[in-house]
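The values are calculated or read from the model by the stated rules, or taken from the named source; none is laboratory data. A quick note: this is a predicted structure, and the numbers were derived from the prediction, not measured. Reconstructed Cβ throughout: ideal geometry from the backbone, glycine too, with neighbour counts over all protein chains shown. All accessible areas refer to the heavy atoms of the entire protein, side chains included, with ligands and DNA or RNA removed. Shrake-Rupley method; radii C 1.70, N 1.55, O 1.52, S 1.80 Å.
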Amino acid sequence: MGSRHIPVLVEEVMTFLRCEPGHTYVDATLGGGGHASEILRRSAPDGVLIGMEWDEDALSDVRDTLMPFGDRVKILRENFIHLPDLVKAESVDGILLDLGLSSIQLEKGERGFSFRGEGPLDMRMDERTNESAADLVNHLSLEELEYILYHYGEERWAKRIARAIVQEREREPIGTTQTLKKIIYRAIPRRFHSRRIDPATRTFQALRIRVNDELENLKKILETGWEILKKGGRMCIISFHSLEDRMVKETFRSLEKEGEIRILTKKPVTPSEEEQRGNPRSRSAKLRCAERI
Ligand SMILES: C[S@@+](CC[C@H](N)C(=O)[O-])C[C@H]1O[C@@H](n2cnc3c(N)ncnc32)[C@H](O)[C@@H]1O
């Protein structure tokens with residue numbers, strides 16, 4: 001059977017969102033629907049949830065998961081950057097963004113997100129748009145590849161890996177996750193292969209972020225998402241990457257200075273040791289929350 005995505009920091013998110021009957025919430029990253037179900041349970045009997053998800057695969061599962069909540073749920077297949085065009089201004093009490101990838105996406109080999117199994121080098125979360133990871137590794141310039149690996153993956157061997165990719169694709173286009181993994185393994189000197197994190201981790205993460213414009217999307221929603229919140233409404237963001245967390249922190253701070261929002265998490269909230277033991281994926285999660293004023 002397929003895997004399940006375990007939602008992170010559920011109690012903490014619910015505390016900040018203050019789910020109540022009669023209120024309206026947006027889960028902008030539905031994934032497996034874990035947070036969404038909890039928001040709906042806690043806002044029963046008449047709270048409303050607008051859910052967004054751009055991955056058709058994920059959507060077909062989450063539709064079933066949320067079916068019991070009937071017409072209290074409205075699901076949209078969209079990139080969350082379009083929220084302000086789709087939801088009425090000042091109509092929502094809380095927004096949740098739980099960024100990145102779900103375990104379900106990661107574990108489906110044919111999506112190409114994981115270096116653990118064989119699959120096409122795809123990595124698009126929304127298959128309607130964007131170039132795939134294969135398009136990028138086969139067509140970007142050496143400098144662009146190096147930039148992406150260094151900045152989005154924080155990969156210290158970015159130059160060597162980018163060079164190896166360019167050399168390899170001259171012989172034959174790179175099409176699969178395992179081909180790319182082998183190139184990365186050869187490019188990083190053996191004695192620097194870490195046991196703690198797979199040598200391919202940073203490159204795969206960097207390509208995924210670029211394929212899906214993840215930083216660009218976060219930047220846009222941080223600028224415009226507030227429009228749909230009522231005064232006193234809250235935005236909660238869970239990120240898994242230091243670049244994302246920094247972007248959230250800095251944007252929150254500058255909006256607070258401008259008197260637009262009030263930050264509710266001076267420091268990011270992180271999962272308890274118990275949660276981390278039960279769900280290792282939660283280890284890098286950071287939650288920040290702010291209120292529109
Ligand atoms: C970490 S998972 C969310 C898990 C969810 N909170 C749960 O409890 O199951 C992130 C989900 O957001 C989706 N996603 C990422 N960026 C998106 C975007 N810009 N627009 C819409 N959905 C997005 C991904 O496809 C993925 O399914």
Requested in this report: Among the residues of region 119-129, write down those that are modelled with pLDDT under 95 and more than 15 Å from the ligand (Cβ to nearest atom).
Outcome: none
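Yes/no per residue for (1) closer than 20 Å to E131 by Cβ; (2) over 16 Å from the mean Cα position of the chain (by Cα); (3) open to solvent by 10 Å² or more (accessible area, probe 1.4 Å):
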site	(1), (2), (3)
R169	yes, yes, yes
T176	yes, yes, yes
P189	no, yes, yes
F192	no, yes, yes
Q205	yes, no, yes
E216	yes, no, yes
M235	no, no, no
I238	no, no, no
Query raised in the report: Conditions: (1) under 21 Å from the mean Cα position of the chain (by Cα); (2) over 25 Å from S102 (Cα atoms). G259 meets all but one. Number of the miss?
Result: (1)
Query raised in the report: Within region 18-31, is even one residue more than 8 Å from the ligand (Cβ to nearest atom), in contact with a Lys or Arg (Cβ under 6 Å, 6 or more places away or on another chain) and open to solvent by less than 50 Å² (accessible area, probe 1.4 Å)?
Result: yes
Report task. Please identify the pairs in which a residue from region 20-35 that is on the phi > 0 side of the Ramachandran plot has its Cβ atom under 6 Å from the Cβ atom of a residue that is more than 6 Å from the ligand (Cβ to nearest atom) and in a helix (DSSP H, G or I), counting only partners at least 6 apart or on another chain. Result -> G33/V62; G33/T65; G33/L66
Report task. Taking the options S242, S254, name whichever one is free of Cβ contacts under 8 Å to residues at least 12 places away in the same chain, more than 27 Å from I39 (Cβ to Cβ) and surrounded by fewer than 18 Cβ atoms within 10 Å (Cβ to Cβ). Result -> S254
Report summary line: Exactly one of E168, E131 is in contact (Cβ under 8 Å) with a residue 60 or more places away in the chain and either in a helix (DSSP H, G or I) or of a type in the set (D, E) (or both), and that residue is E131
**Report entry** Residue that is farthest from the ligand (Cβ to nearest atom), among those in region 190-230 that are small (G, A, S) and touching a residue at least 60 places away in the same chain (Cβ under 8 Å)
**Finding:** A200
Query - The one condition in (1) buried (at least 18 other Cβ atoms within 10 Å of the Cβ); (2) touching a Gly at 6+ places or on another chain (Cβ under 6 Å) that E146 fails to fulfil - result: (2)
Requested in this report: Give the residue, chosen from S194, S141, S132, that is of a type in the set (S, T, N, Q), at pLDDT 95 or above and farther than 13 Å from F113 by Cα.
Outcome: S141
Query raised in the report: Any idea which residue in region 61-81 is nearest to I221 (Cα to Cα), counting only those that are open to solvent by 30 Å² or more (accessible area, probe 1.4 Å) and within 12 Å of the ligand (Cβ to nearest atom)?
Result: I81
Query - Residues that are hydrophobic (A, V, I, L, M, F, W, C), under 21 Å from N212 (Cα atoms) and in a loop (DSSP other than H, G, I, E, B), drawn from region 22-74 - result: A28, L30, W54
Query raised in the report: Which residues, taken from region 136-165, are under 15 Å from R208 (Cβ atoms) and outside any helix (DSSP H, G or I)?
Result: L140, E154, E155
Report summary line: The lone condition P7 fails out of (1) part of a helix (DSSP H, G or I); (2) closer than 24 Å to R277 by Cβ; (3) within 12 Å of the ligand (Cβ to nearest atom); (4) touching a strand residue (DSSP E or B) at 6+ places or on another chain (Cβ under 9 Å) is (1)
Report summary line: How many residues of region 32-58 are over 16 Å from the mean Cα position of the chain (by Cα), within 13 Å of the ligand (Cβ to nearest atom) and acidic (D, E)? The answer is 1
Query raised in the report: Scanning for something open to solvent by 60 Å² or more (accessible area, probe 1.4 Å), over 22 Å from Q105 (Cα atoms) and hydrophobic (A, V, I, L, M, F, W, C), does region 38-51 turn up at least one residue?
Result: no
